[in-house]
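Asker: Right, I'll just put the structure down here and ask away after.
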Ligand SMILES: Cc1ncc(C[n+]2csc(CCOP(=O)(O)OP(=O)(O)O)c2C)c(N)n1
Ligand SMILES: [Mg+2]
């Protein structure tokens, strides 16, 4: 699941690595994503997931959410480096807020062969309250949202069903301080 | 139809440069900047200095900026013009030098088609600039230029690049002047304007309590302006605390003052490095704990409480964890510390740190910079010492290339004012010094500008002599000619069993004749009896001079902390008196 880079990941980064979700507000201008991604690869930081969208058309702002791994010291350095980029308004580690909410969305396409598999899939989909997007003959498409952890569990459970074919896409986590 | 008060992009650029009070630009023409060159042709406020290779333009702009405190400006064409400045932009980023680089780009409609002399300029320069722009719309040009100057010179300064497609240089729009632009604060990153009172109080309290305090001063002090160094001098005099500076901090505090321990770090003074190692209070003023300064991190100043003043948030706790920090400008902070001490009548008189100074004076007795000049071959250390003695009464600026000569210059040339010492520290760019001298001389036409050079480095941007000759810039290139990439040879001797792989500089030109062929002047000193006369002759000539000083080929630069070693694991020179048994080995571990 982790994105790989041509740059070797510094061993240090994993010493006491913690997963962190960073929320970055930026001017929506050409090259901004390249600046951020370049900062991560150039300094040997990790990007586990990345999400970018305009959130304020009038003020021309985008919110970029980055899931990263690193020691606390590394995470503080990443934030300081992000805040040095000219188009960046703010960079926040969601974990440092007193309260924040995190969610991710995932689309899963499952191909199955038989009734038994179909039943099991239905059962899991029900437990996880995923929404059916499409269903025809031996193909079903679900939409599931929630914390990344919850989605991981759902996918792990699907894995226990033998012989089905799963194709999926995930948005990566997004989050908001409350 | 465009209306009358509209200008072409090229004219807008010139008007903006005038508005920014730019009077000098270093550049080299090409297809993608011809409209701008056309605009330069018809005006007279801006002096264009035609370099001989774009690398020369960017280092000249750096030299201009460092020696004047103003933003340095350069102009280059698309493709190879701009790829030639990548090294210099990186150099300026590492050493926090404010420059603005204007580059031409192929016309907008050709971008992305692999057009002639097209390259992804903003892509290539993104990691080596503080910020960069591709201006696609002429109506945004004025604002972009003014923002670029503001960003280059605010907070921690650095290089900014503006890429302007050729059609945008022709297109017309209204000019917006600097005073009509309101900058968006989040983009400027100017640092806090409010002094952290708590930081000041904590610092003064810690100074009162400490027994072994030290100031550790870096290039940030320089960038904060001349007043920063005046406030620093006041504070040092008041407190009687010893002070050491980084390579870039040289000149922020008078090098010959009794409180100065000189430079610290890999080739720093014995007393400076040991004092850093043993201090109980470290006051970092605009230095960034570079690995060439700290040596092995876990052994770096293990017992000190650390205070850090740095306008760049990302320099705090990056390499070394500190106890207290502030991101407010150094001048403001030092001023507040001084006035806090004065208004509270805090007297450090009873606290003269006698034991601490006693210890430091013991270390000083080592005379770590001692050398022995024989009566034949010139010692490079001696060449710099004599250069200093014979030029110190003059208004002098010194630039350097990179290598042993650079470190000897840092050790033996003493600076008493900021901005007089211009060297490539962070990137260590050979070929920096000569074009930087061109820039420094442009900014200071009446001063003496000397590039202390190595013969190998000098060859890297040798073409710029022609620039110096054309503009009648009487720069002096003082080559410590050891026929080796001396610093490489030194590492090979000390760390690679004296296997001098590819470090001999063979087939050197005759520098005297070379100078003459460029219509500059060449002088030479082959042995000690010729040294002073040669230096005096060099200074007396009001034209560019290349002084070829033949020095001892095997001399090494000490003290030296091998990279990855700790401050107390310093190698001293063979001249170290206290360790006669080690003289043959030529080095000693302390
Ligand atoms: C552009 C560049 N290439 C390579 C190096 C590595 N390097 C550092 S010092 C040095 C030798 C410099 O030789 P010289 O200019 O003769 O100075 P000396 O050390 O002999 O005084 C080299 C090759 C560098 N710093 N910059
Ligand atoms: Mg040499």
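Coordinate-derived values only; no laboratory data. Note that this is a predicted model, so its numbers are computed, not measured. Heads up, the Cβs are rebuilt from the backbone with ideal geometry, glycines too, and the neighbour counts pull from every protein chain shown.
Asker: Is the shape of the protein assembly as shown best called rounded, prolate or oblate, per the rule: a/c under 1.5 gives rounded, else a/b larger than b/c gives prolate, else oblate, with a ≥ b ≥ c the square roots of the Cα gyration tensor eigenvalues?
Answerer: Because a/c hits 1.5 or more and a/b exceeds b/c, the protein assembly as shown counts as prolate.
Asker: Going by alpha carbons, how many degrees (0 to 90, nearest 10) lie between the helix axis of B:9-19 and the longest principal axis of chain B?
Answerer: The two axes meet at around 40 degrees.
Asker: Tell me the angle of helix B:433-443 to the major Cα principal axis of chain B, expressed in degrees between 0 and 90 and rounded to the nearest ten.
Answerer: Helix B:433-443 sits roughly 70 degrees off the main axis of chain B.
Asker: Next question. Counting partner chain Cβ atoms within 10 Å of every residue's Cβ in B:125-131, what's the average?
Answerer: Values: counts 0, 6, 7, 0, 1, 3, 6.
Partner-chain Cβ atoms within 10 Å, mean over residues of B:125-131: 3.
Asker: Summarise the partner chain shielding of A:77-89 as one whole number: the mean count of Cβ atoms from other chains within 10 Å of each residue's Cβ.
Answerer: Going residue by residue through A:77-89 and averaging, the value is 5.
Asker: Using only the alpha carbons, work out the radius of gyration and Dmax of segment B:178-301 in angstrom.
Answerer: 16.3, 54
Asker: How would B:375, B:303 line up from fewest to most surrounding beta-carbon atoms within 10 angstrom?
Answerer: Final ranking by Cβ density, sparse to dense: B:375, B:303.
Asker: Once you put a point 7 Å from the Cα of residue B:297 and another 7 Å from the Cα of residue A:176, both along the Cβ direction, what distance in nm separates them?
Answerer: 3.8 nm
Asker: Rank by packing, highest mean first: peptides A:113-124, B:5-16, with packing defined as the count of other Cβ atoms within 10 Å averaged across residues. Mind dumping the intermediate values first?
Answerer: Numbers: A:113-124: 14.1, B:5-16: 21.0.
Peptide ranking by packing, descending: B:5-16, A:113-124.
Asker: Let me ask something additional. When the helix-only estimate is applied to chain A (DSSP H runs of n ≥ 4, each -39,500 (n - 2.57), divided by the residue count), what is the mean residue ellipticity at 222 nm, nearest 500 deg cm²/dmol? Mind showing how you got there, number by number?
Answerer: Details: 4 runs with 49 residues, N = 178.
Value at 222 nm, helices only, nearest 500: -8500 deg cm²/dmol.
Asker: Now a separate question. Can you give me the angle between helix B:486-495 and the longest principal axis of chain B, using Cα atoms only, in degrees from 0 to 90, rounded to the nearest 10?
Answerer: 50 degrees
Asker: Per DSSP H run of n ≥ 4, the term is -39500 (n - 2.57); total these for chain B, divide by its residue number, and report the mean residue ellipticity at 222 nm rounded to 500 deg cm²/dmol. Intermediate results must be reported in sequence, preceding the final value.
Answerer: Details: 24 runs with 216 residues, N = 590.
Value at 222 nm, helices only, nearest 500: -10500 deg cm²/dmol.
Asker: Related question: Average partner chain C-beta neighbours within 10 Å, per residue of B:306-314? Walk me through the numbers on the way to the answer.
Answerer: Numbers: counts 0, 0, 0, 0, 0, 0, 2, 7, 9.
Mean number of neighbouring Cβ atoms from other chains: 2.
Asker: Shape of segment B:6-176 from its Cα gyration tensor (a ≥ b ≥ c, root eigenvalues): rounded if a/c is under 1.5, otherwise prolate when a/b > b/c, or oblate?
Answerer: Note, shape of segment B:6-176 comes out rounded.
Asker: So if I take the centroid of the Cα atoms in segment B:42-93 and the same for segment A:96-134, what is the distance between those two points in Å?
Answerer: 58 Å
Asker: In what order do B:333, B:244, B:534 fall by count of nearby beta-carbon atoms within 10 Å, going from fewest to most?
Answerer: The most exposed by this proxy come first: B:534, B:333, B:244.
Asker: So if we plug the beta-carbon distance of residue B:494 and residue A:136 into 1/(1 + (r/R0)^6) with R0 = 56 Å, what FRET efficiency do we get, rounded to 0.05? If you can, show how the numbers build up before the last one.
Answerer: Details: r = 74 Å, r/R0 = 1.33.
Efficiency, from the Cβ-Cβ distance: 0.15.
Asker: Which order do the peptides B:273-286, A:153-166 come out in when sorted by mean C-beta neighbours inside 10 angstrom, highest first? If you can, show how the numbers build up before the last one.
Answerer: On the way: B:273-286: 24.4, A:153-166: 14.0.
Listed from highest to lowest mean packing, they are B:273-286, A:153-166.
Asker: Over chain B, what is the percentage of antiparallel beta bridges among all DSSP beta bridges, to the nearest 5?
Answerer: About 10 percent, rounded to the nearest 5.
Asker: Taking a ≥ b ≥ c as the square roots of the eigenvalues of the Cα gyration tensor of chain B, is the shape rounded (a/c under 1.5), prolate (a/b larger than b/c) or oblate?
Answerer: oblate
Asker: Additional query: In whole Å, what is the distance between the alpha-carbon centres of segment B:424-492 and segment B:160-216?
Answerer: For segment B:424-492 versus segment B:160-216, the Cα centre distance is 31 Å.
Asker: Considering only DSSP beta bridges with both partners in segment B:6-176, what is the antiparallel share in %, to the nearest 5?
Answerer: Once the DSSP bridges in segment B:6-176 are tallied, antiparallel ones form about 10 percent.
Asker: Fewest to most neighbouring Cβ within 10 Å: what's the order for B:59, B:248?
Answerer: Listed from fewest to most nearby Cβ atoms, that is B:248, B:59.
Asker: Provide the percentage of antiparallel DSSP beta bridges, counting only those with both residues in segment B:471-557; round to the nearest 5.
Answerer: 10 percent
Asker: Okay, moving on. How long are the three semi-axes of the equivalent ellipsoid of segment B:213-262, in whole Å, if each is the root of 5 times an eigenvalue of the C-alpha gyration tensor, listed from largest down?
Answerer: Rounded to whole Å, the semi-axes are 15, 12, 9.
Asker: Now for a different question. If the chain between residue A:29 and residue A:126 were fully stretched, how many nm would it gain, using 0.36 nm times the residue separation less the Cα-Cα distance?
Answerer: 30.7 nm
Asker: How do the peptides B:507-515, A:75-83 rank, highest first, by the average count of neighbouring beta carbon atoms within 10 Å per residue? Each step should come with its number before you reach the end.
Answerer: Working: B:507-515: 15.1, A:75-83: 19.9.
In descending order of packing, they fall as A:75-83, B:507-515.
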